[in-house]
1. Tell me, please, whether a residue that is within 23 Å of SER122 (Cβ to Cβ), modelled with pLDDT of 95 or more and open to solvent by less than 30 Å² (accessible area, probe 1.4 Å) can be found in the stretch 9-20.
2. Is the stretch 85-94 home to any residue that is surrounded by 14 or more Cβ atoms within 10 Å (Cβ to Cβ), under 26 Å from ASN155 (Cβ atoms) and of a type in the set (Gly, Ala, Ser)?
3. Filter the stretch 34-57 down to the residues that are at pLDDT below 95 and open to solvent by less than 60 Å² (accessible area, probe 1.4 Å) and list them by number.
4. Taking only pairs six or more apart or across chains, which ones have beta-carbon atoms under 7 Å, a first residue in the stretch 31-48 that is farther than 22 Å from THR121 by Cα, and a second residue that is of a type outside the set (Gly, Ala, Ser) and open to solvent by 60 Å² or more (accessible area, probe 1.4 Å)?
Amino acid sequence: MPYEPWQPGMIMNQARMASISPVWQDWTPVWTTSTGNNTPSFGNAAIIARYAQTALTVHWRLDIIFGSTTAFGGGGASDNWRFSMPVSGGVISQICGHGEASDASVASTMGRLAIRARVTTSTTFEFEVSSGRPDAVAVTSSGVIDAVSPWTWANSDALRAAGTYEVAA
């Protein structure tokens, strides 16, 4: 049942409660690029994608550990990665989450960066680098994440994020 704002005279029933009570469920993100070219593919990546919707608010989390058969696309720094949102209708340009990008080739946990998720179309979000690395190594490819930013992605690298966004009424 889609969300309907509360109106005088409405009766609380099971369907009404279901429409306002969040239930976590899986979603399968679609991985594309800002140009639509050089499309990446998950291959054997390990993906956990879950969301819950309460009225016009969506809570989500996404955990991707890239695998040996993941194809990262070849568009370079001008072809930003996009991931489909579990529920479309997000407010464009809204920051909708935070997380980390992990470079598995760097020892320990020093190959991490803070990232933020931003709604870029009514159906997708992109990840932007929002910090430096904990070991103070300079990040020379910052901005929106793509096949070569903030590093050249490889097997066992990861993106992990969670957030909340508003959908259109």
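1. Within the stretch 9-20 (the criterion being within 23 Å of SER122 (Cβ to Cβ), modelled with pLDDT of 95 or more and open to solvent by less than 30 Å² (accessible area, probe 1.4 Å)), the answer is no, since none of the residues qualifies.
2. No, because not a single residue in the stretch 85-94 is surrounded by 14 or more Cβ atoms within 10 Å (Cβ to Cβ), under 26 Å from ASN155 (Cβ atoms) and of a type in the set (Gly, Ala, Ser).
3. SER34, GLY36, ALA52, THR54, ALA55, LEU56, THR57
4. From residues that are farther than 22 Å from THR121 by Cα, the pairs are GLY43/THR69; ASN44/THR69; ALA45/ILE65; ALA46/ILE65.
The values are calculated or read from the model by the stated rules, or taken from the named source; none is laboratory data. The model shown is predicted, which means the values in this text are computed figures rather than measured ones. Glycine gets a Cβ as well: all are built from the backbone with ideal geometry, and neighbour counts include every protein chain shown. Just the protein is used for accessible areas: all its heavy atoms, side chains included, with ligands, DNA and RNA removed. Shrake-Rupley method; radii C 1.70, N 1.55, O 1.52, S 1.80 Å.
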